[in-house]
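Reading through the structure tokens given below for one structure.
The values are calculated or read from the model by the stated rules, or taken from the named source; none is laboratory data. All figures in this text were calculated on a predicted structure; none of them were measured in a lab. Please note: Cβ atoms are built from the backbone with ideal geometry, for glycine as well, and neighbour counts cover all protein chains shown.
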Amino acid sequence: GETAPGAVHVPDWLEPARQSELLHACREWARPPAGLRTVRTPGGGTMTARQVCLGRHWYPYGYAPTAVDGDGAPVKPFPARLGHLARRAVTDALGAEAVPAEPYDIALINFYDADARMGMHRDADERSDAPVVSLSLGDTCLFRFGNPRTRTRPYTDVELRSGDLFVFGGPSRLAYHGVPKVHPGTAPPELGLAGRLNITLRVSGL
Ligand code: MD3
Ligand code: FE
């Protein structure tokens, strides 16, 4: 359903076998070089969700070809199949007209343990207004969707579960959003994941 203009939630978009496949791939991508890392924020803090990047390395607040704030290794390539998945996701959520002409070329994968959170922020480091595609695996989280102008209320709170798709396009592309809570032990048992994983697929416009 449409949470806000251009923000569409599609529960259970990924069937269980596809969730397992994607989780397995994420675990491979998380290995060094340029694997899972803790993101340091400019204020001297650290993000509680740890991250792996494909295609381009995100660091606060820009993109680089190597893991500049990790081991310095070249970032793993963006797999063609994630590009196909992104276009299919946008088509299902927003319609074929919303699929961008430019290729999807970045994946950011966030790993949340039971205590991890993500504060309210905007994703404004891409030079493209193409929709962002979000896929969730593992534990259910409380996802908080705000508005494009301020990080404050009004919010729309949505539970994101394993297999859910969320696409953020149009006026929602620059909206504030965050993850105030992960619900431990809520992952589908057959997935074999303690915690939550979120994959976002993006167009860099570079
Ligand atoms: C709304 N990730 O990677 S997914 C992020 O669950 C991020 O890991 C969260 O925020 C997570 O930047 C939230 C939902 C999401 C992702 C990207 C968006 C919402 C968005 C981009 C624009 C607007
Ligand atoms: Fe974000």
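Overview of values
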read-out: Residue ID - surrounded by the most Cβ atoms within 10 Å (Cβ to Cβ), chosen from residues in region 33-44 that are more than 16 Å from Ala64 (Cβ to Cβ) and at pLDDT 95 or above; value: Leu36
read-out: Test: residue in region 108-117 that is under 29 Å from Ala34 (Cα atoms), of a type in the set (Lys, Arg), modelled with pLDDT of 95 or more and within 16 Å of ligand 2 (Cβ to nearest atom); value: yes
read-out: Residue, farthest from ligand 1 (Cβ to nearest atom), within region 158-184, restricted to residues that are part of a loop (DSSP other than H, G, I, E, B) and in contact (Cβ under 8 Å) with a residue 60 or more places away in the chain; value: Pro184
read-out: Some residue of region 101-112 being in contact with a Gly (Cβ under 7 Å, 6 or more places away or on another chain), within 12 Å of ligand 1 (Cβ to nearest atom) and closer than 18 Å to Val8 by Cβ; value: no
read-out: So Val133, is it over 19 Å from Leu191 (Cβ atoms), in a strand (DSSP E or B) and within 9 Å of ligand 1 (Cβ to nearest atom); value: yes
read-out: So Asp139, is it within 11 Å of ligand 2 (Cβ to nearest atom), modelled with pLDDT of 95 or more and either surrounded by 15 or more Cβ atoms within 10 Å (Cβ to Cβ) or over 25 Å from Ala64 (Cα atoms) (or both); value: no
read-out: Filtered residues of region 196-206 (kept if surrounded by fewer than 19 Cβ atoms within 10 Å (Cβ to Cβ) and not hydrophobic (A, V, I, L, M, F, W, C)); value: Thr200, Gly205
read-out: Test: Asp123 is within 14 Å of ligand 1 (Cβ to nearest atom), charged (D, E, K, R) and in contact with a Leu (Cβ under 9 Å, 6 or more places away or on another chain); value: yes
read-out: Selection status of Gly70, away from ligand 1 (no atom under 16 Å from the Cβ), surrounded by 17 or more Cβ atoms within 10 Å (Cβ to Cβ), more than 18 Å from the chain's Cα centre (by Cα) and free of Cβ contacts under 8 Å to residues at least 40 places away in the same chain; value: yes
read-out: Cβ-Cβ under 6 Å pairs, at least 6 apart or on other chains, region 112-131 side of a type in the set (Phe, Trp, Tyr), far side within 13 Å of ligand 2 (Cβ to nearest atom); value: Tyr112/Ala49
read-out: Residue check for Ala96: surrounded by fewer than 17 Cβ atoms within 10 Å (Cβ to Cβ), aliphatic (A, V, I, L, M) and within 13 Å of ligand 2 (Cβ to nearest atom); value: no
read-out: Test for Gly170: is it more than 13 Å from ligand 2 (Cβ to nearest atom), within 27 Å of Leu82 (Cβ to Cβ) and modelled with pLDDT of 95 or more; value: yes
read-out: Criterion (over 15 Å from the mean Cα position of the chain (by Cα) and part of a helix (DSSP H, G or I)) met by exactly one of Ala93, Ala114, Ala89; value: Ala93
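Here is a yes/no grid of residues against (1) among the basic types (Lys, Arg); (2) surrounded by fewer than 18 Cβ atoms within 10 Å (Cβ to Cβ):
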residue	(1), (2)
Tyr112	no, no
Glu126	no, no
Arg144	yes, no
Thr152	no, yes
Glu159	no, yes
Pro171	no, yes
Val179	no, no
Gly185	no, yes
Pro189	no, yes
